[in-house]
Amino acid sequence: MVRVEGLGKQVDSGGEPLVILHEISFSVAAGETVAIVGASGSGKSTLLGLLAGLDLPTAGSVRLDGRDIGRLDEDARAVLRGQMLGFVFQSFQLLPSLTALENVMLPLELAGQRSAGGEARAWLERVGLAHRFGHYPKHLSGGEQQRVALARAFAPGPKLILADEPTGNLDAATGHQIIDLMFAINAERGTTLILVTHDEEIAARCGRRLRMHAGRMENLD
């Protein structure tokens, strides 16, 4: 599903190159769950952005389902993201002007789903928010917002979910509930999951762990 070869990223810093990622190589099979762990500043989120085609590497390649995303233009990368990726962010990234239902409907409508409303309602029911269809994000708790985000990520049927510190803005009890829900849905759907986290307990629930340190990667198991 994912193949990364010799991936590197550097940026200009006052005329001097700042190397963020060094020669990253790994692959993730379809249906696999992989955690990427490491301290803040180790390059985890930069790597996730490159996997999603939100940024381009300065060396190496990323292939998603056999397609080299570095050879696609920005519009083609956006189409590919819409077709095969779902995202779960630490800061939820819900659109504040849309209700919970409308936030989940949006990717379905963009994908041409005719029954977007019914599908979105079913997903909000699945994550325990049948009573929150018409609520805006500002009226939802952090845990409720992340449940909406999970529904939005999984609703279009993506092949790959990228989750960036999904419990980072939640208290411990709520975070455990969200993680339980995310892994349960992921198992039901057979989706490939790449999870960035600093929480070793959460990482241990994945089938494999990769550690980032100073822009380099090592296999843990």
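With +1 assigned to the C-beta of every Lys and Arg and -1 to the C-beta of every Asp and Glu, and no other charges, what is the dipole magnitude of segment 118-221 about the Cα centre in debye, to the nearest 20? Present the calculation step by step, with values, prior to reporting the outcome.
Details: 13 positive and 13 negative charges, 74 e Å.
Rounded to the nearest 20 debye, it is 360 debye.
Per the Kirkwood treatment, what hydrodynamic radius in Å, one decimal, follows for the chain from the mean inverse distance over all distinct Cα pairs?
Working: mean 1/r = 0.0558 Å⁻¹.
The answer is 17.9 Å.
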Within the set ASP171, ASP68, ASP180, GNM on the chain using Cα springs under 10 Å gives the largest fluctuation to ASP171
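At a Förster distance of 35 Å, what's the computed FRET efficiency of LEU110 paired with ASP180, Cβ-Cβ distance as r, to 0.05? All intermediate terms of the calculation are to be shown ahead of the outcome.
Values: r = 29 Å, r/R0 = 0.82.
After rounding, the FRET efficiency stands at 0.75.
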Net charge near GLU74 (other residues with Cβ under 14 Å of its Cβ; Lys, Arg +1; Asp, Glu -1) is 0
With every atom except the alpha carbons ignored, what do you get for Rg and Dmax of segment 1-62, in angstroms? 12.2, 43
What number do you get for segment 96-135 when its Cα radius of gyration is normalised by 2.2 N^0.38 Å, N = residues? 1.06
Would you calculate the separation in nanometres between label points at THR58 and ALA130, each defined as 7 Å from the Cα along the Cα-to-beta-carbon direction? 5.4 nm
Once you charge only the Cβ atoms, +1 for Lys and Arg and -1 for Asp and Glu, what is the size of the charge dipole of the chain about its Cα centre, to the nearest 20 debye? 440 debye
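If each residue of separation counts as 0.36 nm, what is the full-extension length gain between ARG67 and SER141 once their alpha-carbon separation is subtracted? Could the numbers behind the result be given before it?
Working: separation 74, 0.36 × 74 = 26.64 nm, distance 3.83 nm.
Here the segment from ARG67 to SER141 would lengthen by 22.8 nm.
Shape verdict for segment 100-221, please, from the Cα gyration tensor: rounded (a/c under 1.5), prolate (a/b greater than b/c) or oblate. Mind dumping the intermediate values first?
On the way: a/c = 2.30, a/b = 1.63, b/c = 1.41.
Judged from the Cα gyration tensor, segment 100-221 comes out prolate (a/c at least 1.5, a/b above b/c).
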Dipole of segment 166-213, Cα-centred, from +1 at each Lys and Arg C-beta and -1 at each Asp and Glu C-beta, to the nearest 20 debye? 300 debye
With a 10 Å cut-off between alpha carbons and a GNM built on the chain, which of THR167, THR58, THR192 moves the most? THR58
Can you tell me how much longer the chain between HIS22 and LEU98 gets when fully stretched, taken as 0.36 nm per residue apart minus their C-alpha distance, in nm with one decimal? 23.4 nm
Calculate how many DSSP beta bridges within the chain are antiparallel, expressed in % of all such bridges and rounded to the nearest 5. 55 percent
Across VAL127, VAL79, VAL62, the residue with the highest GNM fluctuation in the chain (Cα network, 10 Å cutoff) is VAL79
Under the rule of -39500 (n - 2.57) per DSSP H run of 4 or more residues, summed and divided by the residues of the chain, what mean residue ellipticity at 222 nm is obtained, to the nearest 500 deg cm²/dmol? -10500 deg cm²/dmol
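Here, each number is a calculation from the coordinates, and none is a lab measurement. Predicted, not measured: the structure shown is a model, and the values here were computed from it. Here Cβ is always computed from backbone atoms with ideal geometry, including for glycine, and neighbour counts include all displayed protein chains.
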